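A short worksheet on the structure shown next.
Rule-based calculations on the coordinates, nothing more; no lab input. Note that the structure is predicted; figures quoted are calculated from it, not measured. FYI the Cβ positions are ideal-geometry reconstructions off the backbone, even for glycines, and counts take in every protein chain you see.
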Amino acid sequence: MKDPADVLKENRVYAVVGATRNKDKYGYQIFRILNDYGYKAYAVNPNYDSIEEFPCFPTLADLPEKPGVVVTVVPPDVTARIIGEADGLGIGTVWMPPGSGSRAAVEKCEQCGLAHVDEACVILAVKFQGRKTT
C-alpha cells in the first residue's frame, strides 16, 4: 500500500471513475477537490458528456492523456474491473477510497504490480497536502 501523501506529491494527473454531477456524492466532491487544489482530474462516467465545465469520458481508454492515478468512486465489483483496465493502459496507481475497495481488489492490484491506496479519504488527504487554487 502506498502513502496517500506520496501519491499526491508524485502525481498531478488523476482519473476519477464514478465522477458525477450530484454535488452530494463523493464522486463529485473528489473530482472537484482535485481540480480545485491544482491537480488535473478527468471525470470518467459513461452516463455524462460533461460535469460542469469539464468534459466527462466514458472509459479510461478515452482519456486524452494517461493519468498517473485512477481514483475509484464505484462499488467494489466495478473497482475490480477498473483495476484491469488501469493495468492494461499502464496506469501505475489505483486509489480506492472507503467503500470502493475490497480484499479482492487489493489482491488484484498486487498481482498486476500496481501501487494502491486503500481506505484513505482523497478529500482529507488533498486538504491536508495542499492549497486551494480557485
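Computed quantities for the displayed model
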{"read-out": "Looking only at the stretch 40-53, and only at residues there that are under 25 Å from residue 4 (Cα atoms) and not hydroxyl-bearing (Ser, Thr, Tyr), the one that is surrounded by the most Cβ atoms within 10 Å (Cβ to Cβ)", "value": "44"}
{"read-out": "3 or more residues among the β-branched types (Val, Ile, Thr): qualifying strands (runs of 3 or more DSSP E) within the stretch 22-134", "value": "69-72"}
{"read-out": "Residue that is nearest to residue 100 (Cα to Cα), among those in the stretch 8-25 that are surrounded by 20 or more Cβ atoms within 10 Å (Cβ to Cβ) and more than 11 Å from the chain's Cα centre (by Cα)", "value": "20"}
{"read-out": "Hits in the stretch 69-84 (condition: without any contact (Cβ under 8 Å) to a residue 60 or more places away in the chain, buried (at least 16 other Cβ atoms within 10 Å of the Cβ) and of a type outside the set (Ser, Thr, Tyr))", "value": "70, 71, 73, 74, 80, 83"}
{"read-out": "Some residue of the stretch 95-102 being over 15 Å from the mean Cα position of the chain (by Cα) and either surrounded by 15 or more Cβ atoms within 10 Å (Cβ to Cβ) or within 17 Å of residue 123 (Cβ to Cβ) (or both)", "value": "yes"}
